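Note sheet for the following structure.
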Amino acid sequence: MATIRVELPQHLRTLAGIRGHEVPVRVDGEATVRAVLDALEAEYPMLAGTIRDHEKGERRAFLRFFACMQDISFEPMDAPLPAAVVDGREPLIILGAVAGGCIAARGSTEPNPRL
């Protein structure tokens, strides 16, 4: 059994009533993203469907997974997590992606100085 340190975005910590920026998640068997999410959703059922789709079990589009400073969002959900995450030296980070914005004012090719 491994205890995985998981960092969640603020909105998910608030939804689950988690204080602090990390939550320990116990995983039986091989530590994979899928196993961590299964255990996380079992302990915090209100998170079910917020990180991955209910039907397909796939990661939500505006969330990313990081382990050891590497984006593992597009790795298979059943791929083993790095040893540093499994032994607790590094967290599994679930991060909300940043999107949108505009660098130019309407009708101008010059950058908007207010941004």
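A few points about this structure:
- Projecting the Cα atoms of G96, P24, A48 onto the dipole axis of the range 2-96, where Lys and Arg carry +1 and Asp and Glu carry -1 at the beta carbon, places G96 farthest toward the positive end.
- Residues considered: L37, L47, L15. Largest GNM mean-square fluctuation over the chain, using C-alpha springs under 10 Å, is found at L15.
- With the simple spin-label model, which puts each label point 7 Å out from Cα in the Cβ direction, the V98 to Q10 separation comes to 1.3 nm.
- Those chymotrypsin sites (Phe, Trp or Tyr not before Pro) in the range 35-101 that DSSP places in a loop and that have at most 16 other beta carbons within 10 Å: F62, F74
- Over all Cα atoms in the range 2-96, the spread is summed up by Rg and Dmax: 11.9, 33 Å.
- Considering only beta bridges that DSSP places wholly inside the range 1-76, some 100 percent are antiparallel.
- Each Cα pair under 8 Å and six or more residues apart adds its sequence gap; the mean of these over the residue count of the range 4-93 is a relative contact order of 34 percent.
- Within the range 53-91: backbone nitrogen closer than 11 Å to the R34 label point (7 Å, Cα to C-beta): 57-58, 76-80
Taken together, the values in this text are just the output of simple stated rules run on the coordinates, not laboratory data. The structure presented is a predicted model; accordingly, all values stated were derived computationally and were not measured. When we count neighbours, we look across all protein chains shown, and the Cβ atoms used for this are built from the backbone with ideal geometry, even at glycine.
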